[in-house]
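For reference, the structure discussed in these notes is given below.
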Amino acid sequence: MKRLTLFACVFLMAAVSQAQLRPKVTCGDITVDLLNGTINGMKPNNGFAEFQKTVPCSTGSDPAGKCGAVIYYKDKDVAFYADRKYFEIGPHFKGKMTLRVLGAPRNILFKYLGNPKVKDALWDAYETQYGTLVLHYTAAGAAGRVKLIQMSTLGTDDLSLCE
């Protein structure tokens, strides 16, 4: 009986000794700057490791996926495609945006962004100072609203988006 009691005490002491106070990593808001092509000050041509260090708290990553290296922030609806050098901001984005275009009607974007360089029924690609801004819409024509944003440091001729 003494051995059983001694074993139980040692087991409980070992379990308690593993408990430690660890500070929770604070992630803060993700800030998307559409006019400068950055997320938290980082451009999409920064490396995979550098971006992950600067913008912590990813919900997952795949250094060798079908679209190359990618870091996901699913709780904020953001993805960073490192090898293809672009960010993707989804319709459920949680964070700050310098120019709020998610949900904006297609026909009001001209005054902020000018004419798109490449135009399609469901998306427009704008040439910017940093590269390309691609906006995807819910419906064709003026009735469409922005549902997805892609920002890249590459030009429209070199851009390769993941399907």
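Keeping to region 45-72, report how many residues are in contact with a strand residue (DSSP E or B) (Cβ under 8 Å, 6 or more places away or on another chain) and modelled with pLDDT under 90.
The qualifying residues number 16.
HIS136: under 25 Å from GLY60 (Cβ atoms), surrounded by fewer than 16 Cβ atoms within 10 Å (Cβ to Cβ), touching a residue at least 12 places away in the same chain (Cβ under 8 Å) and out of contact with any Ser or Thr (no Cβ under 9 Å at 6 or more places or on another chain), yes or no?
When the stated conditions are applied, HIS136 does not pass them.
Six or more apart or on different chains, Cβ under 9 Å: which pairs go from a residue in region 48-66 that's surrounded by 13 or more Cβ atoms within 10 Å (Cβ to Cβ) to one that's basic (Lys, Arg) and part of a loop (DSSP other than H, G, I, E, B)? Could you list them?
Here the result reads CYS57/LYS76; SER58/LYS74, each pair linking region 48-66 to a residue that is basic (Lys, Arg) and part of a loop (DSSP other than H, G, I, E, B).
Restricting attention to region 118-131, report how many residues are among the aromatic types (Phe, Trp, Tyr) and either open to solvent by 60 Å² or more (accessible area, probe 1.4 Å) or in contact (Cβ under 8 Å) with a residue 40 or more places away in the chain (or both).
2
Tell me which residues, restricted to region 74-117, are open to solvent by less than 80 Å² (accessible area, probe 1.4 Å) and in a helix (DSSP H, G or I).
Answer for region 74-117, where residues must be open to solvent by less than 80 Å² (accessible area, probe 1.4 Å) and in a helix (DSSP H, G or I): ARG106, ILE108, LEU113.
Criterion first (assigned to a strand (DSSP E or B) and aromatic (Phe, Trp, Tyr)) does TYR126 satisfy it?
Yes: the conditions hold for TYR126.
The values are calculated or read from the model by the stated rules, or taken from the named source; none is laboratory data. Note that the coordinates shown come from a computational prediction; the quantities given were computed from them, not determined experimentally. Note: ideal-geometry Cβ built from the backbone for every residue, glycine included; neighbour counts use all protein chains shown. Side chains included, ligands, DNA and RNA excluded: accessible areas come from the protein's heavy atoms. Shrake-Rupley method; radii C 1.70, N 1.55, O 1.52, S 1.80 Å.
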